[in-house]
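Participant: Shown below is the structure under consideration.
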Amino acid sequence: MRTALIGYGLGGSAFHAPFVHTTPGLELSAVVTGDPGRQAEVRARYPEAEILPSIDDVWAGDYDLAVVTTPNRFHHAHARSALEHGLHVVVDKPFSGTAAEARALVDFAAAQGLVVVPFHNRRWDGDFRTVQKLLADGALGDVHRFESRFERWRPAVKSTWKESGDPADLGSIVFDLGTHLVDQSIALFGPPVEVYAEIATLRAGAQADDDAFLSLTHRDGTRSHLHMGALVADLGPRFRVLGDKAAYVKCGMDPQEDLLKAGTTPGGDGWGEEPESAWGELRAGGESSPVRTEPGAYQLFYAGVAKAVLHGDAPPVDARDAVSGLEVIEAAAESARTRQVVVLA
């Protein structure tokens, strides 16, 4: 599939282009960027890709798949335009600005017979895949609490759209890190029926929300406690999953992001593997045992996109999960504002 990558910031350069370039069935045919420095980077790394200065050049071209990785405020509009021009679409998170927009995007793609896939790549983090395996194996028993954290120590505010106070920029940490955490909890336990949230702006000079806690109660009674923050001087465990047989505790972050930022080509021998020193533990009372972390496998996302478009397989992420995720984010905003639990239908 001739693929046009729309945007070449960190998302486009690290998380999309390397996988489109290396996935069988996909071709990185064009990259949209008007930035001279980024254009030079594309020429050096992907000399076969055409550089397009404007998104309108994509609609005038001959492409099969568009990958939307522009700033958050443009995700919905650019994805909609791609579908209107007959292209299948991968949309970086957040999938849209509202649940209603996301629902309309899913319905429009279905009516056009096109595939639209949210880029929820964190489902292929090695530590998350390990949690999935432990749940499938019954190693934890019945899980009653799932604790998940994306925490950072970034006391200085940056002048970027991600930290903008304009609501249209979708700059809140809940739209950024929270989208991943909410999606992972939905992937494990299904959409929640209740949402409680505490959301704050803590750093001096910050305009966007930079600290949040979300409690999701799922239909089976499991609770997901999701923590995200930019002013966390002592990072908590990435995962702490509590069951009636054992708990799984894992610290540190999946290694794939750092590898991609360093320009490493994905998918080779040992890709996504963690050293034993980084493995999590299975704990019960005073006893513990190490649990080998499953290899991280972001490459499986785009392999799934290719199969969905070329062979009619189910997409690697159901777009309706992104709708559910945005419903949770909207409920969280309401809960934080009213200090009440919000019940979802």
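Participant: Given an 8 Å cut-off on Cα distances and at least 6 residues of separation, report the relative contact order of the stretch 1-143 as a percent. It would help to have the intermediate numbers written out before the result.
Facilitator: On the way: 204 pairs, mean separation 27.6, N = 143.
Reported relative contact order: 19 percent.
Participant: How large is Rg over Rh for the stretch 47-170, taking Rg from the Cα atoms and Rh as the Kirkwood inverse mean of 1/r across Cα pairs? Could the numbers behind the result be given before it?
Facilitator: Details: Rg = 18.6 Å, Rh = 17.5 Å.
Reported Rg/Rh, Kirkwood definition of Rh: 1.06.
Participant: Per residue, how big is the convex hull around the C-alpha atoms of the stretch 205-345? Give it to me in cubic angstrom, could you?
Facilitator: Enclosed volume per residue, from the Cα hull, is 213 Å³.
Participant: Helix-only mean residue ellipticity at 222 nm, the chain, DSSP H runs n ≥ 4 weighted -39,500 (n - 2.57), per residue, nearest 500. What is it?
Facilitator: Theoretical 222 nm ellipticity from helices: -10000 deg cm²/dmol.
Participant: Right, next: Rounded to the nearest 5, what is the percent of antiparallel bridges among the DSSP beta bridges in the chain?
Facilitator: Of the beta bridges lying entirely in the chain, close to 55 percent run antiparallel.
Participant: Show LYS250, LYS93, LYS162 ordered by accessible area, largest first, where the area counts protein heavy atoms only and the probe is 1.4 Å.
Facilitator: LYS162, LYS93, LYS250
Participant: What GluC sites (Glu not before Pro) in the stretch 37-125 are in a loop by DSSP, with at most 13 other Cβ atoms within 10 Å of the Cβ?
Facilitator: Details: sites: GLU41, GLU48, GLU50, GLU84, GLU101; in loops: GLU48.
Those that pass, being in a loop and sparsely packed, are GLU48.
Participant: Determine the distance separating the Cα centre of the stretch 23-89 from the Cα centre of the stretch 304-329; give it in Å without decimals.
Facilitator: 20
Participant: So for the stretch 72-230: antiparallel DSSP bridges make up what percent, rounded to the nearest 5?
Facilitator: 60
Participant: Which order do you get for ARG320, ARG203, ARG240 if you rank them by accessible area with a 1.4 Å probe, largest at the top?
Facilitator: Result, largest first: ARG320, ARG240, ARG203.
Participant: Ignoring ligands, DNA and RNA, how do MET253, MET228, MET1 rank by accessible area with a 1.4 Å probe, largest first? Could you put the intermediate results ahead of the total?
Facilitator: Numbers: MET253 95, MET228 5, MET1 35 Å².
Output order, biggest surface exposure first: MET253, MET1, MET228.
Participant: Something else about it: Working from the alpha-carbon coordinates of the stretch 286-345, get Rg over Rh, Rh being the Kirkwood radius.
Facilitator: 1.22
Participant: Mind running the shape call on the chain? Use the C-alpha gyration tensor, a ≥ b ≥ c as the square roots of the eigenvalues: rounded below 1.5 for a/c, prolate if a/b tops b/c, oblate otherwise.
Facilitator: Values: a/c = 1.56, a/b = 1.37, b/c = 1.14.
Note, shape of the chain comes out prolate.
Participant: Tell me the accessible surface of ARG145 in square angstrom (1.4 angstrom probe, heavy atoms of protein chains only), to the nearest ten.
Facilitator: Looks like 70 Å² after rounding.
Participant: Another question, then. Largest first and to the nearest Å, give the Cα extent of the stretch 1-111 along each principal axis.
Facilitator: 40, 25, 24
Participant: Also, quick follow-up: Would you mind telling me the share, in percent, of accessible area of the chain contributed by carbon and sulfur at probe 1.4 angstrom?
Facilitator: Of all accessible area on the chain, carbon and sulfur atoms account for 49 percent.
Participant: Within straight cross-link reach of LYS133, meaning Cα distance under 27 Å, which lysines are found once same-chain residues fewer than 8 apart are removed?
Facilitator: Within the straight-line cut-off, LYS133 pairs with LYS93, LYS245, LYS250, LYS307.
Participant: Label point 7 Å out from LYS245 along Cα-to-Cβ: which residues of the stretch 279-300 have amide N under 14 Å?
Facilitator: The answer is 282-284.
Participant: Another question, then. At a threshold of 8 angstrom on Cα-Cα distance, excluding pairs fewer than six apart, so keeping six or more, what relative contact order does the chain reach in percent? Before the final figure, lay out each step's value.
Facilitator: Values: 714 pairs, mean separation 67.0, N = 345.
Dividing the mean separation by the residue count of the chain yields 19 percent.
The values are calculated or read from the model by the stated rules, or taken from the named source; none is laboratory data. These figures come from a predicted structure and were not determined experimentally. Because the Cβ atoms are built from the backbone with ideal geometry, glycine has one as well, and the counts that use them run over all protein chains shown. For the accessible areas, the whole protein counts, side chains as well, though only heavy atoms, and no ligand, DNA or RNA atoms are used. Shrake-Rupley method; radii C 1.70, N 1.55, O 1.52, S 1.80 Å.
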